[in-house]
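To start, the structure under review is shown below, and the notes come after it.
The values are calculated or read from the model by the stated rules, or taken from the named source; none is laboratory data. None of these values were measured; they are calculated from a predicted model. Each accessible area value is taken on the protein alone, full model and side chains, heavy atoms only, with ligands, DNA and RNA left out. Shrake-Rupley method; radii C 1.70, N 1.55, O 1.52, S 1.80 Å.
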Amino acid sequence: MAANQKTEKKKQNLLLSRFQTELLLVVILLVLFAFFGMKSPVFFKVDTLMKLLKQASIYGIIAIGMTFVITSSGIDLSVGSVVGLSGIVVSMCMVNGMPVLLAVVVAIAASILVGVFNGVLVHDAKVPPFIATMASMTIVRNVILLMTGAKTISNLPKSFTAFAAGDFLGIPNMFLTWFGIIVLGIFITGRTVFGRNIYAYGSNKESARLSGINIRTTVYGVYVFSAIVCGIAGILMAARLGNGVPTSGDGYELDAIAASVVGGASLDGGEGSVIGTVLGAMIMATLRQGGTLLGINSFIMEIIIGSLIAVAVVIDKMRKR
């Protein structure tokens, strides 16, 4: 009885902490909007806001996958390479005459293979997630360069590129895709056994094993899910650029980690929120968009974002003391 009460109290404290974090992120986002709105006369123009939503959508989709992995006490440094791989595969398929829908399926399948490979390394080979995904990041990036000869793939079908440029009732299609993944992420983490297992495994691996949780399914699941959403992000990026660019997604792993950690995900595992990650991605995108409008040096912006990550990690460590 006492153990159940203790567990329930811990759960309530976690939910309260998550709510406080998300509320703080909303306040920070509103402050950023107010600041950039006052400093730049074009910040609140429709075109600027649409561009902000499109930019945040790419980061946000990748970050949701990263949040799943981080919550399981892992890390996925291959997300940027998977974005690039997916974009190149879908582009190569289409320029060689494959129908758009089939090309998209092939690109997602290629992304899943990377996720499975990461799962094998982490679960079966017992390679630390940082090393395992860094290895796959390097392998996939160079596979892309070999496939393309480091050349951009152009002349993509207009029916494909039109999706990224289009909208539904004034809302960009890219944001609607992100929104769909947000809803899916919330459903998985809050309403499924797999979602609960991610938190349990991330909190205490040994306890999760002893309680009968299928560790293989959980580990494979988070890396495959991350690969799938990164594959979707890569397809969207190729559609937005109108080309398959071999370097697409380069460095995006840092943005994904930033959005997840700023959003409240703990690098120790067991804590993470899709809503928090969404807010973190919006903060990252707003900083970059606002910085560009104000002509702030891009290196300074990266210093600011890096500092945000450091502060978020320090706060997480202080909360757990």
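Results, tabulated for the structure shown:
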item: For segment 224-321: accessible area per residue (Å², 1.4 Å); result: 38
item: Residue-level accessible surface for Leu210, protein heavy atoms, 1.4 Å, Å²; result: 120
item: Whole-number percent relative contact order across segment 161-269, with pairs defined as alpha carbons under 8 Å at least 6 apart; result: 29
item: Inter-part distance where segment 278-321 and segment 47-85 are each reduced to a Cα centre, Å; result: 15
item: Principal axis dimensions, segment 52-184 - Cα atoms, whole angstrom, descending; result: 46, 35, 23
item: Global form of segment 226-312, assessed from the alpha-carbon gyration tensor, a/c cut-off 1.5; result: oblate
item: With 20 Å bins from 0: P(r) over the chain, alpha-carbon pairs, percent; result: 32, 57, 10, 0
item: Helix-derived mean residue ellipticity, 222 nm - over the chain, DSSP H n ≥ 4, -39500 (n - 2.57), to 500; result: -26000 deg cm²/dmol
item: Relative contact order of the chain, pairs being alpha-carbon contacts under 8 Å that are 6 or more residues apart, as %; result: 33
item: Segment 192-321, relative contact order [Cα under 8 Å, separation at least 6], %; result: 21
item: Heavy atoms of Val140 accessible to a 1.4 Å probe, total area in Å² rounded to 10; result: 10
